[in-house]
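First the structure, in the form of structure tokens, and then the observations on it.
The values are calculated or read from the model by the stated rules, or taken from the named source; none is laboratory data. From a predicted model like this one, the values you see are computed outputs, not experimental measurements. Glycine also receives a Cβ, built like all others from the backbone with ideal geometry; neighbour counts cover every protein chain displayed.
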Amino acid sequence: MNYTLITGATGGLGKAYVFELAKRGESLLLTGRSEEKLAALKEEVLNLYPDLSVLTYACRLDREKERADFYAFFDRICLSCAVLVAGADIQKPFQDYTEEKLLFQQRVNFEANVSLAKFCFEHKAEGFSLLAVSSVSGLYPMPYFALYSATKGALTSFFSAIHYEWRGKAKVTVVIPGAIPTRDDVKDNIKTQGIWGKLAVKSPEFVAKNSLKALKKNKMQYVPGFWNNVMRVGTAIIPLTWKMRFIERRWSKTTKDAFPL
Ligand SMILES: NC(=O)c1ccc[n+]([C@@H]2O[C@H](COP(=O)([O-])OP(=O)(O)OC[C@H]3O[C@@H](n4cnc5c(N)ncnc54)[C@H](OP(=O)(O)O)[C@@H]3O)[C@@H](O)[C@H]2O)c1
């Protein structure tokens, strides 16, 4: 049996992928940090789709040792698809980070996804496809969201390159969403962005469904929503210093960190 791996399955966007793929009858391998959240999610899925095969595995993907244990445990798995969602959108002035948090955010957002891509390629079934979740925040440097922006920029760059390297071997798409109302603090954050936040919003279900369509077509990158595409193209002609001053003013007003270590 071939499985679809979903990382960050217990989060707001991850769950939308879980239910979209469950609806399609895919066998699922779900990961997240919390054993309890994964068990509850599995129960929810099986209540709706009792015949589905659902495996769960709790692990901290930012930790090399836990990733190695995960790889060893699923040594014989065959993957038809991988949806790499796990990420940490910690937002605060750079000097307020602890060393642990700095490493955590870099590792879960970038290092873990690069490592997982290799694992997935080595366990791919015929017709394998991989979707990586990045962010519009990675399109240019963002003061007060600097580390998140840098890791997502790196992720977009990496998987766009891999899209070409794996041509003929696997489909690879990077999804670059704007705002997705998932956790309560994210919803509050979107509200504080006013009209800019409203225009950029797309629901988790919209992002999941349409990014999977883009993956099926093997698009290199997919930006959900008309406004996010306008912003991506339109802002390319605005001088970087103007963009950074705008971002600095707006992003310095809020902080968020929903990721206790
Ligand atoms: N929400 C937005 O506005 C937005 C916009 C653009 C891009 N994105 C990206 O979309 C993805 C999902 O965002 P979301 O809003 O759904 O966030 P979320 O609800 O906080 O979900 C994050 C998921 O990642 C998991 N995770 C976090 N750190 C991990 C680690 N070290 N090891 C393993 N799993 C870990 C979480 O597990 P636990 O449940 O155990 O914490 C959770 O399942 C992220 O990559 C984010 O950067 C979000």
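For segment 127-152, the tally of residues that are more than 12 Å from the ligand (Cβ to nearest atom) and without any contact (Cβ under 8 Å) to a residue 40 or more places away in the chain stands at 1.
Residues in segment 77-84: is at least one closer than 28 Å to Lys187 by Cα, within 16 Å of the ligand (Cβ to nearest atom) and in contact with a Pro (Cβ under 7 Å, 6 or more places away or on another chain)? No, segment 77-84 has no match at all. Residue under question is Lys217, and the condition is that it be farther than 30 Å from Gly32 by Cβ and surrounded by fewer than 15 Cβ atoms within 10 Å (Cβ to Cβ); does it hold? Spelling it out, it is not the case that Lys217 is farther than 30 Å from Gly32 by Cβ and surrounded by fewer than 15 Cβ atoms within 10 Å (Cβ to Cβ). Taking Ala112, is it surrounded by 18 or more Cβ atoms within 10 Å (Cβ to Cβ), within 21 Å of Ala170 (Cα to Cα) and more than 12 Å from the ligand (Cβ to nearest atom)? So Ala112 does not fit the description; no.
Within segment 175-184, is there a residue that is touching a Gly at 6+ places or on another chain (Cβ under 9 Å), outside any loop (DSSP other than H, G, I, E, B) and either over 25 Å from Glu111 (Cβ atoms) or within 13 Å of the ligand (Cβ to nearest atom) (or both)? Yes, the conditions are met somewhere in segment 175-184. Just one residue in the set Lys65, Lys15, Lys37 is under 14 Å from the mean Cα position of the chain (by Cα), more than 30 Å from Glu248 (Cβ to Cβ) and basic (Lys, Arg); that residue is Lys15. Checking Lys118, Lys101 one by one, the residue that is among the basic types (Lys, Arg), outside any loop (DSSP other than H, G, I, E, B) and within 16 Å of the ligand (Cβ to nearest atom) is Lys101 and no other. With the requirement that a residue be touching a residue at least 40 places away in the same chain (Cβ under 8 Å) and either hydrophobic (A, V, I, L, M, F, W, C) or not in a strand (DSSP E or B) (or both), what does segment 1-16 give you? Matches in segment 1-16: Met1, Leu5, Ile6, Gly8, Ala9, Gly11, Gly12, Leu13, Gly14, Lys15, Ala16. Every residue in segment 59-87 that is among the aliphatic types (A, V, I, L, M) and either without any contact (Cβ under 8 Å) to a residue 12 or more places away in the chain or buried (at least 21 other Cβ atoms within 10 Å of the Cβ) (or both), please. Correct list: Leu61, Ala68, Ala72, Leu79, Ala82, Val83, Leu84, Val85, Ala86. For segment 133-147, taking the residues that are of a type outside the set (A, V, I, L, M) and either surrounded by fewer than 23 Cβ atoms within 10 Å (Cβ to Cβ) or outside any helix (DSSP H, G or I) (or both), the one that is modelled with the lowest pLDDT is identified as Tyr140. Within segment 153-173, if we keep just the residues that are within 20 Å of Thr235 (Cα to Cα) and in contact (Cβ under 8 Å) with a residue 24 or more places away in the chain, the residue that is nearest to the ligand (Cβ to nearest atom) turns out to be Thr156.
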